[in-house]
Amino acid sequence: MFHGVQGEYRWLETSAHEIYDVLQICPAVAANKNIVITSFDAGPLHPTSEEMERGWRVSGRSLHVPVGDNVSAIPFEIFDEWYIFPGDAAEREYKSFVKHDWFTLGPAQALYTRNGNAFDLRRMQRWFWQEIETARPESYLGRGNRLKFVTSNGGHFNMVLRGLSSLAKSRAKSAQTPA
């Protein structure tokens, strides 16, 4: 697990956890917040009429979801990238980063080559942090190849970091226990 600080935001990145793990450890990350979802497993999502009645709305390529206190009602298994706001989220085009499986917030080589195309990781990291600074979410959750959790809420960050570390240890212990 990598973790660090960028401006007023703390971040962590791990391949061992899912968005669900963050919500289980610290439901306050998303409870009673507004989430802008920018990436979905199965392409664009079209909310049902029931979801629209609950305040869901499509804005450009994003889905805006107001969340009550029950975070388990969020279909987190199909939503891959979230910008989380304590109040209303601005109407704007939000950039999506999880579709780039090579993207990382942690240390890595500066240049990746795939299918003859070169990707500049440092440039992508700059774009990511510019997007966070411009959009100003309280938190960001993304899960492509790795889980990325970014937040300006120090209490949430500490709870998630400790919780994910404990969860990883308990999973490792149970994997070592003979059946």
**Request:** Run Lys95 past the list (1) farther than 23 Å from Arg123 by Cα; (2) part of a loop (DSSP other than H, G, I, E, B); (3) in contact (Cβ under 8 Å) with a residue 24 or more places away in the chain; (4) not aliphatic (A, V, I, L, M) and report the number of the one that doesn't hold.
**Result:** (1)
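Within the range 74-92, count every residue that is outside any loop (DSSP other than H, G, I, E, B) and modelled with pLDDT of 90 or more. Please lay out each step first, then the result.
We begin by selecting, within the range 74-92, every residue outside any loop (DSSP other than H, G, I, E, B); these are 79-85.
Filter once more, so that each one left must be modelled with pLDDT of 90 or more: 81-85.
Final tally of qualifying residues: 5.
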**Message:** Give all pairs with beta carbons closer than 7 Å in which a residue from the range 115-143 that is closer than 27 Å to Gly154 by Cα and among the charged types (D, E, K, R) meets a residue that is at pLDDT below 95 and in a helix (DSSP H, G or I); count only pairs at least 6 apart in sequence or on separate chains.
**Reply:** Arg143/Ile19
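Identify the residue in the range 142-177 that is in a loop (DSSP other than H, G, I, E, B) and of a type outside the set (S, T, N, Q) and, among all such residues, is modelled with the highest pLDDT. Let's see the steps before the verdict.
Applying the first criterion (in a loop (DSSP other than H, G, I, E, B)) to the range 142-177 yields 144-146, 152-153, 177.
Narrowing the set further to residues that are of a type outside the set (S, T, N, Q) leaves 144, 146.
On the way: Gly144: 84, Arg146: 89.
So the residue we want is Arg146.
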**Message:** Can you go through Ser96, Ser139 and tell me which one is modelled with pLDDT under 90 and small (Gly, Ala, Ser)?
**Reply:** Ser96
**Prompt:** For the range 6-27, which residues satisfy the criterion of being assigned to a helix (DSSP H, G or I) and either of a type outside the set (A, V, I, L, M, F, W, C) or under 14 Å from the mean Cα position of the chain (by Cα) (or both)?
**Reply:** Ile19, Tyr20, Asp21, Val22, Leu23, Gln24, Pro27
**Prompt:** Which residues, counting only those in the range 99-125, are at pLDDT below 80 and among the small types (Gly, Ala, Ser)?
**Reply:** Ala108, Ala110, Gly116, Ala118
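Just to be sure, is Val36 more than 17 Å from the chain's Cα centre (by Cα), in a strand (DSSP E or B) and not acidic (Asp, Glu)?
Working: more than 17 Å from the chain's Cα centre (by Cα): no; in a strand (DSSP E or B): yes; not acidic (Asp, Glu): yes.
The answer is no for Val36.
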**Asked** Just one of the numbered conditions (1) modelled with pLDDT of 85 or more; (2) out of contact with any helix residue (DSSP H, G or I) (no Cβ under 9 Å at 6 or more places or on another chain) is not true of Gly7; which one?
**Response** (2)
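The values are calculated or read from the model by the stated rules, or taken from the named source; none is laboratory data. Quick caveat, the model's predicted, so the values are computed rather than measured. Note: ideal-geometry Cβ built from the backbone for every residue, glycine included; neighbour counts use all protein chains shown.
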